[in-house]
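The values are calculated or read from the model by the stated rules, or taken from the named source; none is laboratory data. Note that the structure is a prediction, hence the values are computed from the model and not measured. Ideal geometry is used to build each Cβ from the backbone, glycine not excepted, and the neighbour counts take in all protein chains shown. Side chains are part of the model used for accessible areas, which takes the heavy atoms of the whole protein and leaves out ligands, DNA and RNA. Shrake-Rupley method; radii C 1.70, N 1.55, O 1.52, S 1.80 Å.
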Amino acid sequence: MPPRATATRLLIAGTSALLMLFIVGPLLRLVLEAGPMSLGRAFADGEVRASILLTLGCATAATLLGLLLGLPLAWALARRHFPGKRLVQGLVDLPVVVPHPVAGIALLLFLGRRSALGGTLAELGLEIVNHVPGIVAAMAFVSIPILVSGAREAFLGVDPRLEKVARTLGDAPMTAFRRVTLPLARRGIIAASLLAWARAVSEFGAVVILTYNPKVASVLIFDRFTTDGLPGALPAALALLLVALGVFLVVRLLQRGEGR
Amino acid sequence: MIRLELVTVRAGAFTLRDISIEVPAGGYALLIGPTGAGKTTLLETIAGHQAPLTGRVWLHGEEVTALPPERRAVGFVYQDHLLFPHLSVAENIGYGLGGRTTDNERRTLELAELLGIAHLLGREIARLSGGERQRVALARALAPRPSVLLLDEPFASLDPATRNGLRRSLLELQRRERVTILQVSHDFDEALRLGDLVAVMADGGILQQGPPEEVFRRPNSAFVAQFTGAGNVLAGEVSALGVAEEDGRFLARFTSGPLALDVVAERTGPCHAVLRPEDLLVSREPLPAGRNHLTATIERLERVGPVTYIHCDVGRPVVATVTTQGAEGMALTPGDRVSLTIKATAVLLV
């Protein structure tokens, strides 16, 4: 092999190894620092169990909400030309660049009891701020852009002429979508949903402002860290890390098995 | 039956203008033309994927201009087959049949057998060859018994042997299913081989349509002549030599640079002369018959089976054809000087 090619390979291998160390190192350090015994303590702690269940439930709700509202938009962005399309695309991506505490404050102003929408919803019996819907709203705000972008890419990957063929074979537009486009885009949509879900699970900044209580896992960990220091936060941190990673891996494995 | 009446369609920056064409029930028509002529847009308009700005579309005697694709009873096959990759071969063929019933399974099997793909019914699409995929696409389009089949260059990506086999299958299926076919091609030979009707398209319009032999014999423009493989299309000018006869035609002279030919013309002025390679008679000495004798230098001989194409220079490059046997009999070689003879009536002015 020429020396230049060898040098290039070594450079790529070196930088990649550094990056892997940067990602895996802190997580591994956390696991080693907490130790396996702390995991048992964490799961024996009712507050930790409740916060993890609340986190998983709210992240799932936020992802389902994203699918419900985001899939039609993702399809339209992939397939249709309409006035203001670029603006809509930019608006959908906006939450990605908004710092999450800022997003929390914005949501508080928009959905709080003093706002028109929040006030109306509260009168209808749907309390947002400092209630579970507030957590779902904050999680949805930060995760939906990931879902919409991923689903749009998945739809773009399906040749629109396949739908045309389905139409000439007798399918109405929605039927062609259900029988052809959706199955072909499914893997991409599931991957986008998984990323959005993971993003929702990890959310802290917006949630802590909108709903401090009941506490999701990230807020509980922060709470324990500020009151009890590192030893207090570590078991809950380890438990959340392992649960999130476990769900992530199971879905990925199921997806891979289905693709075979 | 397919009938379009002054159809104009806008697809992005491209416009299809005033298209009128009629293909009788059970007919086989070909749309030919260069890339970007609007052939696929025209097929998609017939299928209902493009809405005309003006004009009307009839299929099997019914006006369908406002009907969606799913209500037009049209089959569509694209060049790149566009099979549904998440379905098996059998599921692809049966897609338009609406559910698994004994009748539908029988229809799937019947078409698969006719197209020689019955052994592939359980196979995944990813494991098919190009020819097999196109056969599946054809079976899928025919399964719901459409009255019209639209084919967008269905043979373009196939090797010659597969192409010929599929053409035979298609003609047999057309007779059997009594389906009207409109096929896009960029190959005029295909029109001569398959079509009852050919329409030559360019820049969003139909330049000429009619029986392939007629379009080939009497192209109405230099473009059509060139596209249908006329071989020699020369730009020049016609000047009168004689007075017009009762039918309005007169003996005239066509000049193109150093070349001068006696022709039968209907008008004077700039035009194109079409000299079909098979109408140029090649000989060592000028033939007694024929009004035009051109002295030519052979530049290249191209043997294609029993036919030899003689590329020569007569002050302009021209191509003539002789049988390979004839070329060998005259012992023609590049650099030889020969005589090309063409009758005045064989020179076509367009």
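The heavy atoms of residue B:103 present about 100 square angstrom of accessible area, all protein chains included, probe 1.4 Å. Springs join every pair of Cα atoms under 10 Å in this Gaussian network model of chain A, and among A:158, A:136, A:250 the largest mean-square fluctuation is at A:250.
Rolling a 1.4 Å probe across the protein heavy atoms gives segment A:203-260 an accessible surface of 49 Å² per residue. When you restrict to C-alpha pairs under 8 Å that are six or more residues apart and normalise by the size of chain A, the relative contact order lands at 28 percent. The lysines whose alpha-carbon is closer than 27 Å to the alpha-carbon of residue B:39, local same-chain residues fewer than 8 away aside, are A:164.
For chain B, the longest principal axis of the alpha carbon atoms and the long axis of helix B:130-142 meet at an angle near 70°. Shape analysis of segment B:19-69 places it in the oblate category; the axes a ≥ b ≥ c from the Cα gyration tensor give an a/c of at least 1.5, with a/b not above b/c. Are there any residues in segment A:145-186 with a reduction of at least 50 Å² in accessible surface when going from the isolated chain to the assembly of protein chains? Probe 1.4 Å, please list them by number. Checking the loss per residue gives A:161, A:162, A:164, A:165, A:167, A:168, A:169, A:179, A:184. Each residue of segment A:210-218 is assigned a 3J(HN,Hα), and the resulting list reads 7, 9, 6, 10, x, 8, 7, 4, 5 Hz, derived from the Karplus form 6.51 cos²θ - 1.76 cosθ + 1.60 (θ = phi - 60°), x at Gly and Pro.
The translational diffusion coefficient of segment A:107-188, from Stokes-Einstein at 10 °C and 1.306 mPa s with a Kirkwood hydrodynamic radius over alpha carbon pairs, comes to 102 µm²/s.
About its Cα centre, chain B has a charge dipole of approximately 420 debye under the convention of +1 per Lys or Arg Cβ and -1 per Asp or Glu Cβ, with nothing else charged. Each peptide in B:228-235, B:145-152 was scored by the mean count of other Cβ atoms within 10 Å over its residues; highest first, the order is B:145-152, B:228-235. Residues whose amide H falls under 5 Å from that of residue B:201, counting only those 5 or more places apart or on a different chain, are B:32, B:33, B:207, with hydrogens built in the peptide plane. Just check segment A:54-152 against the gyration tensor rule for me: Cα atoms, a ≥ b ≥ c as the square roots of the eigenvalues, rounded for a/c under 1.5, and otherwise prolate or oblate depending on whether a/b exceeds b/c. Judged from the Cα gyration tensor, segment A:54-152 comes out prolate (a/c at least 1.5, a/b above b/c). Normalised by the residues of segment B:230-350, what does the relative contact order come to in percent, with Cα pairs under 8 Å and at least six apart? Here the relative contact order equals 29 percent. Phi angles of segment B:287-299 translate, via the Karplus equation with coefficients 6.51, -1.76, 1.60 and θ = phi - 60°, into HN-Hα couplings of 7, x, 7, x, 8, 10, 10, 10, 8, 10, 10, 6, 9 Hz per residue; Gly and Pro are given as x. Return the residues of segment B:57-73 for which accessible area with all protein chains present is lower than in the chain on its own by 30 Å² or more; set the probe to 1.4 Å and exclude ligands, DNA and RNA. SASA drop of 30 Å² or more in segment B:57-73: B:69, B:70. Here r is the Cβ-Cβ distance between residue B:278 and residue B:159 and R0 is 35 Å; the resulting FRET efficiency, rounded to 0.05, is 0.80.
A 1.4 Å probe run over segment B:253-321, with the rest of the protein chains in place, finds 51 Å² accessible per residue.
Work out the FRET efficiency for residue B:126 and residue A:102 from their Cβ-Cβ distance, taking R0 = 56 Å, and round it to the nearest 0.05. The value I calculate is 0.75.
Ranking B:263, B:273, B:293 by Cα position along the charge dipole of segment B:228-306, where only Lys, Arg, Asp and Glu carry charges on their C-beta atoms, puts B:293 farthest toward the positive end. Less than 5 angstrom separates the built amide H of residue B:322 from those of B:308, B:310, all sequence-distant by 5 or more or on a different chain.
Seen from residue A:54, the other residues with C-beta closer than 15 Å to its C-beta sum to a net charge of -2, counting Lys and Arg as +1 and Asp and Glu as -1. Per-atom-type breakdown for the protein assembly as shown gives carbon and sulfur 60% of the accessible area (1.4 Å probe, protein chains only).
Between residue B:113 and residue A:76, the modelled labels are 5.1 nm apart [label points 7 Å from Cα along Cα→Cβ]. Between residue A:245 and residue A:126, residue separation times 0.36 nm minus the direct Cα-Cα distance comes to 39.6 nm.
With the charge dipole of chain B set up from +1 on Lys and Arg Cβ and -1 on Asp and Glu Cβ about the Cα centre, the Cα lying farthest toward the positive end among the listed residues B:304, B:66, B:121 is that of B:121. Taking a quarter of the surface of the Cα convex hull of the protein assembly as shown, what do you get in nm²? Spelled out: convex hull of the Cα atoms, projected over all directions, averaged, 43.9 nm². Note on surface exposure: B:1, A:20 rank A:20, B:1 by accessible area, highest first, 1.4 Å probe. Note on residue A:161 and residue A:27: the model spin-label points, each 7 Å out from Cα along the C-beta direction, lie 4.2 nm apart. In the full protein context, segment A:1-121 carries 68 Å² of accessible surface per residue, based on a 1.4 Å probe and ignoring ligands, DNA and RNA. Karplus-based coupling profile of segment B:315-320, in residue order and whole Hz: x, 9, x, 9, 10, 10, with θ = phi - 60° in 6.51 cos²θ - 1.76 cosθ + 1.60 and x standing for Gly or Pro. Only protein heavy atoms count here; on that basis, with a 1.4 Å probe, residue A:197 has an accessible area of about 30 Å². Put simply, the amide H of residue B:184, placed in the peptide plane, has neighbours under 5 Å in B:31, B:151, B:152, B:153, leaving out anything fewer than 5 places away on its chain. Residues B:186, B:119, B:86, B:81, ordered by accessible area of protein heavy atoms at a 1.4 angstrom probe radius and largest first, appear as B:119, B:186, B:86, B:81.
Chain B contacts chain A over a buried accessible area of about 1700 Å², both sides summed; the probe is 1.4 Å and only protein chains count. Surface calculation, 1.4 Å probe, protein heavy atoms: residue A:175 sits at approximately 40 Å² accessible.
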